[in-house]
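The values are calculated or read from the model by the stated rules, or taken from the named source; none is laboratory data. Note that the structure is predicted; figures quoted are calculated from it, not measured. No Cβ is skipped: glycine too gets one built from the backbone with ideal geometry, and neighbour counts run over all protein chains shown. Note: areas computed on protein heavy atoms with side chains; ligands, DNA, RNA excluded. Shrake-Rupley method; radii C 1.70, N 1.55, O 1.52, S 1.80 Å.
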Amino acid sequence: MATVQTTTLTDRKAIISGLNDEQRSAVETTEGPLLIVAGAGSGKTSVMTRRIAHLMNRGDDVDPWNILAITFTNRAAREMNERVEQLVGEAASDMWICTFHSMCVKILRREAERIGYQNNFSILDADDQVSTVKQSMLDLNYDLKKFDPAVVQWKISAAKNELLTPREWKRAGRKSLIDSVAATVYTEYQAKLVSSNAMDFDDLIFRTVDLFLTHPDVLKLYQQKFRYIHVDEYQDTNRAQYKLVRLLSDRHRNLCVVGDSDQAIYRWRGADISNIVNFERDYPEAVVIKLEQNYRSTGTILDAANAVIQNNSQRKDKRLWSAKGEGEKLAIYAALDQSDEAVYVIAKVQEHVANGGQFSDCTVLYRANAQSRAIEEAFLQAAMPYRIIGGMTFYDRREIKDVMAYLKALANPQDEISLLRICNVPKRGIGEGTIRRLLDFAHENELTLLEAMGRAQEAGLVGGAAETVQNFHTLIQGLHDMQEGMSVTDLLQQTLTRTGYRDMLETSHKEEDQNRLENIRELSTVTRSFDRRRRGALADFLAETSLLFDTDKETGKTDNAVRMMTMHASKGLEFPVVFMIGVEETLLPHARSLDTIEGVEEERNLCYVAITRAREKLHLTYCAERSLFGQCQLNDPSRFLSEIPPALTERSGADLQVQIRWGVGLSVRHPQFGVGVVTDLAGSGDDLELTITFSSRHGTKLVKPKLTRLRVIDGQ
């Protein structure tokens with residue numbers, strides 16, 4: 001491994017080498033609030049990392065631990081850490097360059113007792129949260145068929161992101177029955193978390209804010225520590241994250257936020273665009289620097305993106321430009337249906353490869369996951385390699401979640417949620433009735449579930465049931481006691497053996513269980529890597545893996561294949577050739593967004609994000625009719641297409657309603673009534689009306705081609 005060179009005072013010129021004027025200004029403006037409006041592809045990561053190196057190289061009293069840099073994904077944090085290390089060497093290890101959640105875990109592990117937790121608290125993932133909400137609803141006698149636990153969990157999460165306690169949320173008043181139910185469940189759910197010494201992801205930030213507000217001495221400690229704070233993707237922060245940043249930065253006010261209101265696409269996840277739009281109101285002394293030179297895309301692609309996004313009102317004004325030249329025009333294709341759309345994509349990919357390109361140069365973007373089906377089927381038929389980015393990740397798989405639940409229970413014996421998941425996996429005869437009796441006994445006597453299992457007979461269990469539960473208690477307690485001084489890998493192997501989990505899979509003849517066994521083996525690779533890097537405690541390993549985000553991982557190998565992903569998943573990525581499919585009303589903008597101006601503007605942001613993923617060539621397609629979600633949809637071309645200047649585009653495909661020459665005897669297919677024959681015509685132009693005779697089931701109908709997508713049957 002090459003030795004990393006530490007940047008010294010003589011290397012200052014190297015830090016700013018190659019930067020444009022705006023980037024250099026952003027690097028060297030270190031005191032006071034700074035808003036960097038960073039357009040797509042404008043080199044923001046390079047600016048942030050060099051800014052950190054510049055702080056270290058000024059020659060004054062800035063220490064590495066005075067610097068905090070917050071990102072949204074582990075991938076972004078790793079990339080930033082690596083780049084900073086290349087510039088400043090080992091000093092990077094003393095900086096906090098991490099996600100919001102990772103930062104809060106570090107703080108809470110140190111300060112947990114201040115808010116009534118032990119420092120070995122568990123962190124619930126999304127499935128565990130829903131399971132705990134479900135159990136809370138059952139305890140409160142709610143009908144799970146009437147009220148969806150996943151919806152209730154989502155509402156509780158939204159309340160926490162707004163920093164509302166159960167009492168405050170109830171006091172705020174709920175608008176609907178499900179809101180009222182969620183407010184009640186929130187109280188029970190939170191009590192379960194506290195009694196299990198567990199937190200969910202929202203708690204990590206919520207509890208840190210609460211810690212700072214209720215313990216000013218702790219806040220002062222971290223305010224003094226973090227003299228220079230950086231926040232990436234500031235447009236994606238929610239209220240809780242915004243409050244956390246305000247608290248930490250209030251002492252020194254050396255807060256640098258980087259973001260782009262035009263790429264705010266996570267309102268549905270709680271993000272508040274006003275945080276970046278109103279930055280200058282919050283910090284009147286702030287300096288604003290715009291990074292508008294794009295190093296990714298051609299001028300034509302950027303002109304199209306600028307033309308679309310300027311129609312939004314909630315934004316920080318900027319205009320991207322490029323020194324790469326004008327480039328090719330955007331290709332807009334009007335497809336007959338999704339099959340025709342797929343044929344177009346395949347043809348253009350094949351053309352690109354025939355001209356010396358790679359399959360991996362090409363990426364298909366779509367608004368809804370369901371849109372991928374037709375393209376996938378076409379790729380399979382054409383024997384064209386493809387990879388879907390997204391989907392189920394390693395840590396979402398059932399067998400991995402089972403084993404992780406075992407490890408969580410060993411690290412934190414109070415973790416009732418994890419115990420409930422694995423107490424009968426493999427099957428041990430610990431059924432729901434037994435669990436219910438143990439839970440009642442535990443709650444009545446202020447015991448943890450594991451403690452109740454150790455007193456099975458006192459809980460009212462007899463015979464084999466009592467013996468089985470007592471044996472399980474002995475198993476978990478023994479593994480818990482064993483972890484001291486043992487590597488995570490060795491503890492994992494002991495757990496797999498003693499619990500019978502490995503044997504359960506090895507003795508199965510099902511192919512899926514053999515695949516699960518391979519995934520369990522892969523988990524050992526993960527623990528070995530952790531042991532080599534840190535040799536830390538089990539709780540540290542669990543915290544590290546719990547903080548992995550789905551957006552950090554790709555499904556499938558990254559070989560020479562066309563990539564397919566949602567437009568949301570494409571954020572932060574770039575590709576030589578991009579196909580934006582389904583650029584239609586009700587898809588982009590999505591039907592759910594059409595009720596509000598804010599909704600449509602966020603969809604326009606999403607369109608802007610998708611456009612700016614393309615480096616060299618951009619294809620946009622829409623269909624005359626589309627079968628999706630089990631229905632035939634007749635969508636108009638997206639309004640966003642009309643916002644792109646015609647001079648930037650080349651159009652192809654059929655505008656069916658203009659090119660068709662209607663006449664008596666023409667066979668057509670109606671999206672609702674099926675095949676029919678034109679028997680009469682009346683009127684002309686937009687007022688043209690056809691008389692069409694369909695099957696005996698539908699009879700004769702009057703149809704206006706202007707308002708209905710009709711397909712002419714082949715051969716006419």
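Quick look at the numbers
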read-out	value
Spherically averaged projected area in nm², based on the convex hull that wraps the Cα atoms of the range 155-265	8.4
Relative counts (whole %) of C-alpha pair distances in the range 259-383, using bins that are 5 Å wide	2, 8, 12, 15, 15, 15, 13, 9, 5, 3, 2, 0, 0
Cα-based convex hull, the range 189-330, per residue volume (Å³, whole number)	155
Using alpha-carbon coordinates, inclination of helix 299-309 to the longest axis of the chain, degrees	80
Where 58, 669, 83, 697 fall by accessible area, highest first, once all protein chains stay in place (1.4 Å)	697, 669, 83, 58
Cα shape, the range 390-462, gyration tensor, a/c 1.5 rule	prolate
Tail fraction, Cα-Cα pairs, the range 184-249, threshold 13 Å, whole percent	70
The range 565-615 shape via C-alpha gyration tensor axes, a/c threshold 1.5	prolate
Taking the range 160-245 and dividing mean pair separation by its residue count, relative contact order in percent (alpha carbons under 8 Å, at least six apart)	42
Prolate/oblate/rounded label for the range 384-522 (Cα gyration tensor, a/c 1.5)	prolate
In Å², nearest 10: area of residue 499 left accessible to a 1.4 Å probe	10
Given (1) -0.28; (2) -0.31; (3) -0.37, the label whose value is log10 I(q)/I(0) by the Debye sum over Cα atoms at q = 0.05 Å⁻¹ derived from this model	(2)
Accessible area in the full protein assembly, largest first, 1.4 Å probe, for 639, 51, 428	639, 428, 51
Under 17 Å from residue 324, Cα to Cα: aspartates and glutamates that are on another chain or at least 8 residues apart	292, 303, 574, 616
Calculated log₁₀ intensity ratio I(q)/I(0) where the Debye formula runs over C-alpha points of the range 259-315, q = 0.13, 0.17, 0.27 Å⁻¹	-0.44, -0.73, -1.18
The chain, relative contact order [Cα under 8 Å, separation at least 6], %	16
Cα-projected label distance for residue 13 with residue 662, points at 7 Å along beta-carbon direction, nm	7.5
Of 134/427; 170/427; 44/348, pairs whose Cα-Cα distance is over 29 Å	170/427; 44/348
Surface accessible to a 1.4 Å probe, residue 194 within the full protein complex, Å²	70
Evaluated at q = 0.12, 0.19, 0.20 Å⁻¹: base-10 log I(q)/I(0), Debye formula over Cα of the range 1-135	-0.60, -1.13, -1.22
The range 23-155: relative contact order as a whole-number percent, Cα under 8 Å and 6+ apart	16
Accessible surface of residue 384 - all protein chains present, 1.4 Å probe, nearest 10 Å²	10
Largest to smallest accessible area among 199, 482 [probe 1.4 Å]	482, 199
